[in-house]
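Working notes for the structure below.
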Amino acid sequence: IIHDNKIINIKEFMLSQIDDSYPCNFDVYDAADYGTQKYRKRTIIRIHKKNLTWFAPQKQKHITVRDVIGNLPSLESGQSSDIKWHFAKKHNDKHIYWMKNTATGKTALENEVHYPQKDNRKIKGFSTTYKRIEWDKPAPTVTMANGSISSQNNVHPGRKLKDGTYSDARVLTILEILRVMGLPDNWSPPENISENTLRHVIGEAVPPIMMREMFKGIIKS
């Protein structure tokens, strides 16, 4: 930022505005290390009075995608279930075809035959696009574009079928996203909210479990 006609970083600016009676701690935390089922790095600034102690949170064992969504029924594009918020978004046939032929943890861009293409030319993209997430790791960061197969790390891990293809050629359902975000199944957003808006809001959210762990460190001296 520009302050007093000089370019300084946010840390320098904040320290220039806060006196010594308020200790400041600037750290980068990954939500996956603090009870959340997905990776998400955020800079957290802990500012407190000198008569308080604010300890950093303790790292925890990682929770995997399998741990939180592995018990949910399989769904293909456009299918629904009897479980609230567990319904599959409808995708176009090409995306479904490419992802059915993509293994868990892989991107369709790596496919030798069934790769994303347009006008008979292979589509180029980042290695995180058209990609299935992995079962046995925390989920990747949930973004605002979590409803798009062609965006980053959005496709269900899937399970290998007898014909060699993979199930669940779709993005995560709303319920699956809630679970990897650390939100409860009974979380109740407004009933009239659209799916796309809800996906956008969740993608912008701060992981609540990480913040709960963060605030546990506040102890009065």
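The values are calculated or read from the model by the stated rules, or taken from the named source; none is laboratory data. Bear in mind the structure is a predicted one, so any value in this text is a computation, not a measurement. Backbone-built Cβ (ideal geometry, glycine too); neighbour counts: all protein chains shown. When the accessible area is computed, the model is the full protein with side chains, heavy atoms only, and any ligands, DNA or RNA have been set aside. Shrake-Rupley method; radii C 1.70, N 1.55, O 1.52, S 1.80 Å.
One line per residue, one yes/no per condition, for (1) at pLDDT 95 or above; (2) farther than 22 Å from GLY203 by Cα:
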| residue | (1), (2) |
| --- | --- |
| LYS11 | no, yes |
| GLN17 | no, yes |
| ILE45 | no, no |
| ILE69 | yes, no |
Per-region count, region 109-122, residues touching a Leu at 6+ places or on another chain (Cβ under 9 Å), surrounded by fewer than 18 Cβ atoms within 10 Å (Cβ to Cβ) and assigned to a loop (DSSP other than H, G, I, E, B): 1
Inter-residue pairs, beta-carbon under 7 Å, first more than 14 Å from SER80 (Cβ to Cβ) and in region 165-176, second among the β-branched types (Val, Ile, Thr) and assigned to a loop (DSSP other than H, G, I, E, B), 6+ apart: TYR166/THR102; TYR166/THR104; VAL171/ILE149
Any chance GLY125 is part of a loop (DSSP other than H, G, I, E, B), open to solvent by less than 40 Å² (accessible area, probe 1.4 Å) and among the small types (Gly, Ala, Ser): no
Complete set of residues in region 155-188 that are assigned to a loop (DSSP other than H, G, I, E, B) and open to solvent by less than 10 Å² (accessible area, probe 1.4 Å): HIS156, PRO157, GLY158, SER167, ASP168, ALA169, ARG170, THR173
Single residue of region 42-59 satisfying the filter (free of Cβ contacts under 8 Å to residues at least 60 places away in the same chain and out of contact with any Pro (no Cβ under 9 Å at 6 or more places or on another chain)) that is least open to solvent (accessible area, probe 1.4 Å): ILE45
Failed item in (1) touching a residue at least 24 places away in the same chain (Cβ under 8 Å); (2) in a loop (DSSP other than H, G, I, E, B); (3) closer than 21 Å to ARG40 by Cβ, with LEU72 passing the rest: (3)
Single unsatisfied condition, THR141 versus (1) out of contact with any Phe, Trp or Tyr (no Cβ under 8 Å at 6 or more places or on another chain); (2) within 30 Å of TRP54 (Cβ to Cβ); (3) assigned to a loop (DSSP other than H, G, I, E, B); (4) open to solvent by 30 Å² or more (accessible area, probe 1.4 Å): (1)
Count - residues of region 75-88 that are part of a loop (DSSP other than H, G, I, E, B), open to solvent by less than 90 Å² (accessible area, probe 1.4 Å) and touching a residue at least 40 places away in the same chain (Cβ under 8 Å): 7
Matching residues in region 89-108 - criterion: being crowded, with 16+ Cβ neighbours inside 10 Å and touching a strand residue (DSSP E or B) at 6+ places or on another chain (Cβ under 7 Å): LYS89, MET99, LYS100, THR102, ALA103, THR104, LYS106, THR107
